[in-house]
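Each remark here refers to the structure printed beneath this line.
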Amino acid sequence: MPDVSATEETISHKSRDAQVLQTNPILALASWCECLQGKQPLRAGLRQLSKALGARSVCLSRHSRELVRVAQVLTFEEPEITASFANVDRSFAHCVLGVHIDHPRVGSVWLSSTVEEWTDPALLEFQDKRNIAETVVIPLASEGKRVDYLELHFAQPLTDTVVALLGSFGDALSRTWATRNPGLFAEAILVDGGKHQVSSAQGDLLSPANPFGLTRCEFRICALLKQGIGAETICDQLMISPATLRSHYRRIYKKTHTRSPTELAFAILAPPRLSIDQLSHRSLQAA
């Protein structure tokens, strides 16, 4: 007698695959290539990728490797989604890649569902608000002091079949991205109204070099926050009023590009950004 549960699971997987693969990915890749040669707006290529892969939204982002990381962001979402939610105006690549954000393998596929330690809660909050089941990040290029990423947000969990397809697709996308017209992304940001996002330097905030120019009091506040000490105790230890503490927090947020005590705490507690030599050493130790 056939295994009914196994058959139902197979049908369910095929249904989910069909929901993701809504149009021919090859046609979408052809449209993407045309956009890279300037024959269509770059956002049109993102739209085709969104339709072909069934992604609810697609983001193309360029990250600086500088200490204060600036990400330029170009996104696409269907109008019915933007009618209910504000446009996605930021990158979440660092949430998924963690310490590998500066030195990823080009063409590799990273899934939010496989993240073991979250260094920033922003993506989890975004997924919960938008009912996103999976976020996929594909490094397209690693050039000099910048890294380019493609980010796709899916409403449904991805099957192994779709993940395997994305693996092949990611390699093709990165290879074609390398052939793009010079200045294509910068022009798209100017013409299509892309966004500039500044992210905190995770793990570097309390380094001896004091890269964000914190005052002595601000530095002590962050050090106490790292120990899990609450606002009332911080005020007692530093002999300042709650109003003064809030004033210090506002200045710290501005300097570190964070927006709340929670976000600041994650930036402080996150592991330091590693150099390519440190990442290589870590890989050798794990081998």
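When you count the other C-beta atoms within 10 angstrom of each residue and take the mean per peptide, 218-225, 243-250 line up highest first as 218-225, 243-250.
A Förster radius of 22 Å combined with the Cβ-Cβ distance from residue 259 to residue 89 puts the calculated FRET efficiency at roughly 0.95. Of the residues 151, 34, the one with the fewest other Cβ atoms within 10 Å heads the list, and the complete ranking is 34, 151. Derived scalar couplings between HN and Hα for region 26-34 equal 5, 5, 5, 5, 5, 5, 4, 5, 4 Hz in order, rounded to whole Hz, by the Karplus curve 6.51 cos²θ - 1.76 cosθ + 1.60 (θ = phi - 60°), x for Gly and Pro. Note that region 157-174 has calculated 3J(HN,Hα) couplings of x, 9, 7, 4, 4, 5, 4, 5, 4, 4, x, 5, 5, x, 5, 5, 5, 5 Hz, one per residue in order, obtained from phi through the Karplus relation 6.51 cos²θ - 1.76 cosθ + 1.60 (θ = phi - 60°); glycine and proline are x.
Packing-based ranking of 261-267, 177-183 yields 261-267, 177-183, ordered from highest to lowest mean Cβ neighbour count within 10 Å. Distance between the pseudo-spin-label points of residue 191 and residue 178 (7 Å out from Cα toward the beta carbon): 2.5 nm. For the residue pairs 226/255; 39/129; 145/254; 51/254; 51/129, alpha carbon separations beyond 29 Å are given by 39/129; 51/254.
The numbers here are math on the coordinates, done by the rules we state, and not lab data. This is a predicted model, so every value here is computed, not measured. Positions of Cβ are generated from backbone atoms using ideal geometry, with glycine treated the same way; all protein chains shown enter the neighbour counts.
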